[in-house]
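Visitor: Please read through the structure below; I'll follow up with questions.
Any read-out appearing in this document is the output of simple, stated calculations on the displayed coordinates, not a laboratory observation. The structure presented is a predicted model; accordingly, all values stated were derived computationally and were not measured. Cβ sites come from the backbone with ideal geometry, for glycine too, and all protein chains shown count toward neighbours.
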Amino acid sequence: MVVFSSMSQENIKGDSIPLRGEFTPPGDKSISHRAVIIGSLAKGVTTVKGFLTCDDTLSSVKAMMMLGVPIEIHKTNVEIRGNGLFGFGEPEDTINAENSGTTARLLTGLLSAQSFFATITGDKYLRVRPMERVVKPLTLMGARIWGRDGGKRLPLAIQGTKLSGIRYELPVASAQVKSALLLAGLYAQGETEVIEPTPTRDHTERMLTHCGVYIERNSTSVKIRSGEDFKGTEISVPADISSAAFFMVAALMNPGSEILIKNVGINPERIGSIEILKKMGGFIEIINKRDESREPVGDILARSSTLKATEIKGDIIPKAIDELPIIAVAACFAEGETIIKDAKELRVKETDRIKAMTTELKKLGAEVEELDDGMIIKGKENLIGGKCSSWGDHRVAMALAVAGTRAKGTTVIDGGDCVSVSFPGFFDVMRKLRG
Ligand code: S3P
């Protein structure tokens, strides 16, 4: 049982209560952001179904509204009345992306190409995250951007201007940077080509194609040309595999569990967690596969399993980047020593997730060693409930809550309310599945 307290503190009762039943997680966060932004770029009405209404995506909604786009939200349906590529107006105030890196980075690309001035900031967590990775290539396209620390940190001030297409090899695999450049490329003279070191989530490419924008792609490169207006359309958002992953792991590691997670986006660049958990011996099956708005979707069946340690490194990392905190939790109960490497990017997420997970899992009795670019985790039979902190990071909070389900006694998570950044209702779902 999970008990809410009036403070931002969540109590998770451990002792391996099985999780049983079925549920549909909320909409995919990455796709929801893009639906709002691309829908605002379109001319006419875009209707979005399955939208994730959470703190992060509301940052994108508010930003687009500040640029003059009428947007209405009715539960999981959103109606966007886009004015076309050149239909935005100068925001009167600073756009606040709050905790959302996707809003800040994609908007920086979009705002660079407008004919007005705009400023963008974020909360205390986002203001320390790197922005240079997006400012640098945009500047090469001709963008005029200023920011703290020589343009490396928010707030950024952007004087929109005419851009020119470039060919840019991303030094770090990042879908946010790729997407920012593609959005800028919609306006830039000539062709913009982005080359990735390893493929990352391609939701922007799929959605623009779904909307009728021509994009040329091969395994590591994406090309876009400055575009003509495209029309609003219907966009269907699948459930978020990053949210589903918490319950996949909860089911695998709590004996007697079986859950069906419905309508989940299974984009090949997002299913690294499934590949890793299967390699660890987890029973996970994807059934009822289909396609919606050019995104693959399926239902995921997860059953309690005996897990074994594995090595996680290389090209699979971007495919599982947001799920590594919960994979680390699974590793705590896997036989042997799990090694996560090549995951330095975890240090610049909503918080330093390597440090956060190492510190907090240790508080619950886990054997975890911090590496510069990952972690080494020695599996055990059980953890011990205790007090730990979310570090203000939604995925750390949810990973620790799942760890708490297999800890002896109660686990208390300080600052657990930040789950609303991506998964409002997370604790309700957990309570329901635990019966
Ligand atoms: C996202 C891309 C990833 C991911 C983030 C969402 C996106 O970040 O970690 O949660 O929506 O494009 P990077 O682009 O920094 O890799």
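Visitor: For the chain, what's the relative contact order in percent, using C-alpha pairs closer than 8 Å and at least 6 residues apart?
Guide: On the way: 1111 pairs, mean separation 79.6, N = 435.
For the chain, the relative contact order is 18 percent.
Visitor: With runs of 4+ DSSP H residues as the only contributors, calculate the mean residue ellipticity of the chain at 222 nm using -39,500 (n - 2.57) per run, divided by the residue total and rounded to the nearest 500.
Guide: Values: 14 runs with 133 residues, N = 435.
Using -39500 (n - 2.57) per qualifying helix, the result is -9000 deg cm²/dmol.
Visitor: Distance from a point 7 Å along Cα→Cβ of residue 348 to each backbone N in region 391-407: keep the residues under 17 Å and list them by number.
Guide: none
Visitor: Okay, moving on. Which whole-Hz couplings ³J(HN,Hα) result when phi for each residue of region 150-160 is put into the Karplus expression 6.51 cos²θ - 1.76 cosθ + 1.60, θ = phi - 60°, listed in order with x for Gly and Pro?
Guide: Using θ = phi - 60°, the values come out as x, x, 8, 9, 5, x, 10, 10, 10, 9, x Hz.
Visitor: Could I ask something else about it? Going by amide H atoms built from the backbone, whose H comes under 5 Å of the H on residue 335, apart from near neighbours?
Guide: It is 307, 308, 309, by chain and number.
Visitor: Please say if region 29-236 is rounded, prolate or oblate, where rounded means a/c under 1.5 for a ≥ b ≥ c the square roots of the C-alpha gyration tensor eigenvalues, and otherwise the choice is prolate for a/b larger than b/c and oblate otherwise?
Guide: Details: a/c = 1.36, a/b = 1.10, b/c = 1.23.
Cα axes put region 29-236 in the rounded bin.
Visitor: Less than 13 Å Cβ to Cβ from residue 308, Lys/Arg counted +1 and Asp/Glu -1: what total charge do the surrounding residues give?
Guide: Here the charged neighbours net out to 0.
Visitor: Excluding same-chain residues fewer than 8 positions from residue 387, which aspartates and glutamates have a Cα within less than 12 Å of its Cα?
Guide: Once the sequence-local aspartates and glutamates are set aside, what remains near residue 387 is 10, 360, 414.
Visitor: Follow-up. Just need the relative contact order of region 29-236 here, percent rounded to a whole number, with Cα pairs under 8 Å and 6+ apart.
Guide: Numbers: 487 pairs, mean separation 44.3, N = 208.
Over region 29-236, the number comes to 21 percent.
Visitor: Give me a comma-separated list of calculated 3J(HN,Hα) values for region 355-370, in order, Karplus coefficients 6.51, -1.76, 1.60 applied at θ = phi - 60°, integers in Hz, x for any Gly or Pro.
Guide: Once rounded to whole Hz, the list reads 5, 4, 5, 5, 4, 6, 5, 4, 4, 8, x, 6, 9, 10, 10, 7.
Visitor: Rounded, prolate or oblate: which one fits region 190-262, using the alpha carbon gyration tensor with axes a ≥ b ≥ c (rounded when a/c is under 1.5, else prolate when a/b beats b/c, else oblate)?
Guide: Working: a/c = 5.50, a/b = 2.09, b/c = 2.63.
Oblate, because a/c is 1.5 or more while a/b does not exceed b/c.
Visitor: What is the spin-label model distance, in nm, from residue 285 to residue 311 if the labels are put 7 Å beyond Cα along the C-beta direction?
Guide: Rounded to a tenth, the inter-label distance reads 3.2 nm.
Visitor: How large is ³J(HN,Hα) for each residue in region 212-227, as worked out from phi by the Karplus curve 6.51 cos²θ - 1.76 cosθ + 1.60 (θ = phi - 60°), to whole Hz, x for Gly and Pro?
Guide: So the Karplus estimates, Gly and Pro as x, are x, 8, 7, 10, 9, 9, 10, 4, 10, 10, 10, 10, 9, 10, 4, x Hz.
Visitor: In nm, to one decimal, how far is the residue 45 label point from the residue 335 one, both placed 7 Å along Cα→Cβ?
Guide: 5.9
Visitor: Return the long-range amide H neighbours of residue 412 (sequence gap of 5 or more, or a different chain), with a cut-off of under 5 Å between placed amide H atoms.
Guide: 12, 386, 387, 388
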